[in-house]
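Below you'll find the structure, written out as structure tokens, and then a few comments.
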Amino acid sequence: MREESVPPDQPLFSDPATIDPLAIHARRDPEAPAVYLDGVDEPLRYGELDRRAAQVAHWLLGLGLQVGA
């Protein structure tokens, strides 16, 4: 996955108002450890954390939650 990572000096978004630190870190280094959990040998990586966050966001949108509400 690192071959698809984004260099730190390359912009990720065309709209500078769009800032999501988790997504930025996940794009730059998806395999970097993000969270260490008790009793779990492997950390949750930024790429996986970002994927799960997107799933929750889509689930909430599906329930009718509106962006910016």
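The values are calculated or read from the model by the stated rules, or taken from the named source; none is laboratory data. None of these values were measured; they are calculated from a predicted model. All Cβ positions, even for glycine, are placed from backbone atoms using ideal geometry, and neighbour counts span all protein chains on display. Accessible surface is based on the protein model in full, side chains and every heavy atom, while ligands, DNA and RNA are left aside. Shrake-Rupley method; radii C 1.70, N 1.55, O 1.52, S 1.80 Å.
Each residue in the stretch 37-66 was checked for being open to solvent by 100 Å² or more (accessible area, probe 1.4 Å) and either under 19 Å from A26 (Cβ atoms) or touching an Asp or Glu at 6+ places or on another chain (Cβ under 7 Å) (or both), and 6 pass. Quick check on D50: is it out of contact with any helix residue (DSSP H, G or I) (no Cβ under 9 Å at 6 or more places or on another chain) and at pLDDT 80 or above? No; evaluated as a whole, the condition is false for this residue. Only a single criterion out of (1) small (G, A, S); (2) surrounded by 12 or more Cβ atoms within 10 Å (Cβ to Cβ); (3) modelled with pLDDT under 90 is not satisfied by A69, namely (2). Look at (1) in a loop (DSSP other than H, G, I, E, B); (2) of a type outside the set (F, W, Y); (3) at pLDDT 85 or above and you find that Q10 fails only one, number (3).
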